[in-house]
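Trainee: Following this message is one structure expressed as structure tokens.
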Amino acid sequence: MALSPMADMTDSAFCQVVREIGGAHIVFREMVSSEAIVRENEKTLGMTDFVEAERPIVQQIFGADPMVMAKAAASVMEHAGPEGIDINMGCPVYKLTSNFNGAALMKDPSLAAKIVKEMKAAIGDTPLSVKIRLGWDDPDTFKTFIPAMEKAGAELITMHGRTKAQAYSGTSDWDRIKIAKEIATVPFLANGDIHEPKQVHEALEHTGADGVLIARGALGNPWFFQKARDKEYDPVPVKERVAVILDHAKKHIEQYGERGIVTFRKHVSWYFKTNKLGYEIPGIKEFRGKLVRIQSLEELEGLLKEFEEYASSIDLIKT
Ligand SMILES: Cc1cc2nc3c(=O)[nH]c(=O)nc-3n(C[C@H](O)[C@H](O)[C@H](O)COP(=O)(O)O)c2cc1C
């Protein structure tokens, strides 16, 4: 089980929280731009910093120029020394695809293969993986794309069961993921729509994959991996939820400084979605409304205390 890369979300602070709770074997850090790394952009290089407790980690890189990608991979290895490097070949966002980054690489397997080859040559023994979709608009592109990436040197493949054209619509096609697993000769991880811990086992059984990559399921739910591992699916007790949120907020501020509380709002709102809580809580929408306006850690602490008192005063109803 691995934490899937998510821009602005799977940063050092969140990965540390996931690690502390346990259950994830690998954490994928959010994508970084190869162009920015090569330009020695301080902020981008800083995005690859991590603390020992996060290991093993995989740093994902995006780009389209084989030599720039190779140089960036070597810099990341020198700067941070992650256990693996991953290439983003799945992002559907226009900002990336318009520069032939992300999922656009699936339109040009020979360019994608060249990137893999150059990056592999640059990082030596460090494992190199690629994260792909089914295809750009053809859902069967993966059938020829996977062997091409393996031949070029990819040592692990993860696949999200949607095309770029689908973006996030429809559902992740686990049947095609099963076919991909049969084609792949290197370790293969399934991704997409494994939203609940109990679905991990269902997805593994359905696809035959060697593991799963969890993205949105882990947002507001860093307990996802522990729950899936232990096959224990009860809602997280309110006290524990509050303690972990506070710990996460402090780590976030440590990483980004005092103003970090503003960017922490996006996490806090995930923590209080009803499907993440596992309980119906009357008035939760209004409470979330207050949480997404927090200006300081003290304000967050006060609101969490209020939440804890309120939750203990009412009968929580499991969803
Ligand atoms: C907020 C957000 C940011 C993401 N950023 C990245 C990224 O940096 N690199 C990447 O390969 N995929 C990224 N993804 C895609 C996820 O890693 C994953 O492939 C996709 O969400 C499907 O998995 P899920 O159904 O478990 O969410 C992102 C997804 C979300 C929701």
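Trainee: In the range 222-246, what residues are part of a helix (DSSP H, G or I), touching a helix residue (DSSP H, G or I) at 6+ places or on another chain (Cβ under 7 Å) and open to solvent by 50 Å² or more (accessible area, probe 1.4 Å)?
Mentor: 239, the sole residue that qualifies.
Each row is one residue, and each column tells you yes or no for (1) outside any strand (DSSP E or B); (2) not aromatic (Phe, Trp, Tyr).
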{"position": "5", "(1), (2)": "yes, yes"}
{"position": "8", "(1), (2)": "yes, yes"}
{"position": "14", "(1), (2)": "yes, no"}
{"position": "17", "(1), (2)": "yes, yes"}
{"position": "20", "(1), (2)": "yes, yes"}
{"position": "27", "(1), (2)": "no, yes"}
{"position": "37", "(1), (2)": "yes, yes"}
{"position": "40", "(1), (2)": "yes, yes"}
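Trainee: Name the single residue, out of those in the range 187-204 being open to solvent by 30 Å² or more (accessible area, probe 1.4 Å) and in a loop (DSSP other than H, G, I, E, B), that is nearest to residue 169 (Cα to Cα).
Mentor: So, considering only residues that are open to solvent by 30 Å² or more (accessible area, probe 1.4 Å) and in a loop (DSSP other than H, G, I, E, B), the one nearest to residue 169 (Cα to Cα) is 195.
Trainee: What residue, of 190, 167, 103, is within 16 Å of the ligand (Cβ to nearest atom), in contact with a Pro (Cβ under 7 Å, 6 or more places away or on another chain) and within 30 Å of residue 274 (Cα to Cα)?
Mentor: Within the list 190, 167, 103, the selection yields 167.
Trainee: Kindly check whether there is at least one residue in the range 19-41 that is touching a helix residue (DSSP H, G or I) at 6+ places or on another chain (Cβ under 8 Å), among the acidic types (Asp, Glu) and within 16 Å of the ligand (Cβ to nearest atom).
Mentor: yes
Trainee: How many residues, within the range 42-71, are crowded, with 23+ Cβ neighbours inside 10 Å, out of contact with any helix residue (DSSP H, G or I) (no Cβ under 9 Å at 6 or more places or on another chain) and either on the phi > 0 side of the Ramachandran plot or assigned to a helix (DSSP H, G or I) (or both)?
Mentor: Result for the range 42-71: 0.
Trainee: In the range 205-219, how many are under 15 Å from the mean Cα position of the chain (by Cα) and either more than 14 Å from residue 4 (Cα to Cα) or outside any loop (DSSP other than H, G, I, E, B) (or both)?
Mentor: Count: 7.
Trainee: Kindly establish whether residue 77 is in contact with a Ser or Thr (Cβ under 8 Å, 6 or more places away or on another chain), surrounded by fewer than 19 Cβ atoms within 10 Å (Cβ to Cβ) and either in a loop (DSSP other than H, G, I, E, B) or free of Cβ contacts under 8 Å to residues at least 60 places away in the same chain (or both).
Mentor: For residue 77, the condition - in contact with a Ser or Thr (Cβ under 8 Å, 6 or more places away or on another chain), surrounded by fewer than 19 Cβ atoms within 10 Å (Cβ to Cβ) and either in a loop (DSSP other than H, G, I, E, B) or free of Cβ contacts under 8 Å to residues at least 60 places away in the same chain (or both) - is met.
Trainee: Something else about it: Taking the range 205-218, which residues are crowded, with 20+ Cβ neighbours inside 10 Å and more than 6 Å from the ligand (Cβ to nearest atom)?
Mentor: Hits for the range 205-218 are 207, 209, 212, 213, 218.
Trainee: Which of the numbered conditions does residue 256 fail, given that it passes all the others? Conditions: (1) under 24 Å from residue 25 (Cβ atoms); (2) surrounded by fewer than 19 Cβ atoms within 10 Å (Cβ to Cβ); (3) aromatic (Phe, Trp, Tyr).
Mentor: Result: residue 256 passes all but (1).
Trainee: Next question, about the same structure. Go through the range 164-185 and count every residue that is under 30 Å from residue 95 (Cβ atoms) and surrounded by 15 or more Cβ atoms within 10 Å (Cβ to Cβ). Outline the logic, then answer.
Mentor: Residues of the range 164-185 that are under 30 Å from residue 95 (Cβ atoms), as a first pass: 164-174, 176-177, 180, 184.
Narrowing the set further to residues that are surrounded by 15 or more Cβ atoms within 10 Å (Cβ to Cβ) leaves 164-166, 172-174, 176-177, 180, 184.
Residues flagged as under 30 Å from residue 95 (Cβ atoms) and surrounded by 15 or more Cβ atoms within 10 Å (Cβ to Cβ) within the range 164-185 amount to 10.
A quick yes/no check of all residues on (1) in contact with a helix residue (DSSP H, G or I) (Cβ under 8 Å, 6 or more places away or on another chain); (2) more than 20 Å from residue 11 (Cβ to Cβ):
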| position | (1), (2) |
| --- | --- |
| 254 | yes, no |
| 259 | no, no |
| 276 | yes, no |
| 295 | yes, yes |
| 307 | yes, yes |
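Conditions (1) under 22 Å from residue 27 (Cβ atoms); (2) in contact with a helix residue (DSSP H, G or I) (Cβ under 9 Å, 6 or more places away or on another chain), marked per residue:
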{"site": "87", "(1), (2)": "yes, yes"}
{"site": "91", "(1), (2)": "yes, yes"}
{"site": "94", "(1), (2)": "no, no"}
{"site": "109", "(1), (2)": "no, yes"}
{"site": "121", "(1), (2)": "no, yes"}
{"site": "128", "(1), (2)": "yes, yes"}
{"site": "136", "(1), (2)": "no, yes"}
{"site": "142", "(1), (2)": "no, yes"}
{"site": "148", "(1), (2)": "no, yes"}
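Trainee: Do we find a residue being open to solvent by 90 Å² or more (accessible area, probe 1.4 Å), over 19 Å from residue 218 (Cβ atoms) and out of contact with any Leu (no Cβ under 8 Å at 6 or more places or on another chain) anywhere in the range 275-285?
Mentor: In the first step, residues of the range 275-285 are kept if they are open to solvent by 90 Å² or more (accessible area, probe 1.4 Å); the result is 275, 280, 285.
With the extra rule that they be over 19 Å from residue 218 (Cβ atoms), the set shrinks to 280, 285.
After this cut, where a residue has to be out of contact with any Leu (no Cβ under 8 Å at 6 or more places or on another chain) as well, the list is 285.
Yes, the range 275-285 contains a residue that is open to solvent by 90 Å² or more (accessible area, probe 1.4 Å), over 19 Å from residue 218 (Cβ atoms) and out of contact with any Leu (no Cβ under 8 Å at 6 or more places or on another chain).
The values are calculated or read from the model by the stated rules, or taken from the named source; none is laboratory data. Predicted model only: the values in this text are computed from it and were never measured. FYI the Cβ positions are ideal-geometry reconstructions off the backbone, even for glycines, and counts take in every protein chain you see. Quick note on the areas: whole protein, heavy atoms, side chains included, nothing else; ligands and nucleic acids left out. Shrake-Rupley method; radii C 1.70, N 1.55, O 1.52, S 1.80 Å.
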